[in-house]
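Structure first, then comments.
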Amino acid sequence: MYIHKLDLKNIGPFKEAHLEFACKFPKEPDAVVSPVTMITGLNGAGKSIVIDAIRVALGSGVVERNIIANDDDFNIGLEIERDGVSASYSTSSFSDGAVKWVDYMNINRIFMYGYEDHTTPANWVLDYWSSSPAVDSFKISSLTQLKHREALKDVLVGYRRNFDVSNFLCNIDYLRTSDVAEEKALGSFVFEKIKQIIDSCLDNGEFKYIRRSDLQPIVEQNGHEITLEKLSSGNIFLIGHMMSLLSKMYSLAVLRGTPVGEMLDTPGVLLADEIENHLHPSWQKKVASIVRQIFPNIQIILTTHSPFVLSSVDGAKIYTCKPYPGGSEVVDETEMYSTMPVDQILSSEAFDVNPFNKEISEIMQKRKDAIADGRVDEADELARELMARNPFYFDYLKVNLPEDEAH
């Protein structure tokens with residue numbers, strides 16, 4: 001399942017909005033397109049509203065706020081692809097102001113449990129990564145059996161527990177020691193994927209084992225063995241969300257009888273709100289790529305304040321939410337941002353942040369004014385001053401200096 005289009009009317013700050021999402025790789029082998037859509041913009045411009053609207057449209061029973069701006073005249077229209085077939089759904093206003101489905105009253109149940117009998121889950125997953133961290137402990141007192149159907153319910157609420165991470169890991173560790181060949185193969189495969197995920201989410205660290213005496217997952221970082229709760233908030237945030245998505249794929253595979261090796265090829269949609277939260281810039285730069293590497297058929301729709309995230313995925317589609325008096329608009333700025341370095345993204349309209357201190361910024365402005373006024377010698381002198389202060393960054397200014405200085 002993939003989302004193709006979203007249309008909004010009187011939702012949040014948007015009078016009208018239309019988004020077309022990157023879905024999957026095109027048939028042309030040389031085309032660079034990733035199934036990743038990024039939405040950015042200033043605070044209050046409506047980034048998270050877009051994610052909330054999709055959650056409502058996919059049948060989430062809970063969103064944290066009322067996103068409808070006009071109860072008498074609103075719409076959320078969604079075009080999706082299910083099993084290769086496109087279908088359109090829309091919510092609209094009625095006299096009582098209630099949100100009702102034209103085609104299905106509870107599309108989320110249809111999605112997750114297949115069709116009218118609700119017995120066989122459909123072959124896709126949905127997940128929502130809230131920017132709020134889990135606050136409970138990783139410690140568990142005993143192993144609790146995984147409830148696969150429960151794992152596929154309320155997936156768009158965004159509630160996540162560290163307890164569930166530990167319990168999932170311990171269940172898989174137990175399964176891989178089974179005397180039943182099929183169970184052992186399944187457990188061993190998923191355990192290796194757990195190790196791959198945790199290793200990819202750590203600096204100078206790796207997943208080691210489950211300590212059977214107290215059911216604690218143990219990782220080694222910087223030469224020391226520690227429990228998950230002793231990791232940084234960024235590591236915990238990323239590992240927890242990745243495990244949540246893996247556990248949903250695992251439960252779906254068990255219910256559908258999916259071949260072990262095909263489990264992580266499951267298609268679906270990941271909605272992530274402010275995905276950079278709790279992450280160092282170096283991790284912001286690679287978080288989307290990590291998700292894509294582990295879950296290659298997942299469509300990612302995310303919001304971000306981070307220029308490092310925006311510049312991290314080749315071929316991603318990029319939208320900017322722009323406020324205006326009385327509302328906001330959504331603008332496709334993929335072409336503008338797709339080749340921008342981080343410093344240019346910071347100074348763009350969506351961020352409006354000067355990456356340099358006041359003194360260097362003033363020199364840059366003086367040089368810009370000198371060039372505009374035709375004062376070439378002054379502009380060259382200011383270029384030399386910039387190069388002297390930051391030779392690494394301003395090395396490109398050599399091309400504008402007299403030839404004997406540029407070589």
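The values are calculated or read from the model by the stated rules, or taken from the named source; none is laboratory data. Just so it is clear, the structure is predicted and the values come from calculations on it, not from any experiment. With ideal geometry, Cβ positions are generated from the backbone for all residues, glycine too; neighbour counts draw on all protein chains shown.
List the number of the failed condition for residue 275; all other conditions in (1) closer than 21 Å to residue 152 by Cβ; (2) assigned by TED's automatic domain parsing to the domain that holds residue 47; (3) among the aliphatic types (A, V, I, L, M) hold.
(1)
Checking the condition small (Gly, Ala, Ser), out of contact with any Gly (no Cβ under 8 Å at 6 or more places or on another chain) and either loosely packed, with under 15 Cβ neighbours inside 10 Å or not in a loop (DSSP other than H, G, I, E, B) (or both), which residue from 244, 178 passes? It would help to see each step written out before you state the result.
Values: 178 fails: out of contact with any Gly (no Cβ under 8 Å at 6 or more places or on another chain).
The unique qualifying residue is 244.
Quick check on residue 234: is it more than 30 Å from residue 121 (Cα to Cα) and touching a His at 6+ places or on another chain (Cβ under 8 Å)? Walk me through how you get there before you give the answer.
On the way: more than 30 Å from residue 121 (Cα to Cα): yes; touching a His at 6+ places or on another chain (Cβ under 8 Å): yes.
Yes: the conditions hold for residue 234.
For residue 150, are the conditions met, namely being in a strand (DSSP E or B) and without any contact (Cβ under 8 Å) to a residue 24 or more places away in the chain? Before you say what the answer is, go through the steps one by one.
Working: in a strand (DSSP E or B): no; without any contact (Cβ under 8 Å) to a residue 24 or more places away in the chain: yes.
In short, no.
Under the condition of being surrounded by 11 or more Cβ atoms within 10 Å (Cβ to Cβ), among the hydroxyl-bearing types (Ser, Thr, Tyr) and not in a strand (DSSP E or B), which residue from the stretch 210-234 is nearest to the chain's Cα centre (by Cα)?
Top of the filtered list is 233.
Restricting attention to the stretch 306-322, which residues are farther than 18 Å from residue 19 by Cα and surrounded by 19 or more Cβ atoms within 10 Å (Cβ to Cβ)?
306, 307, 308, 309, 311, 312, 313
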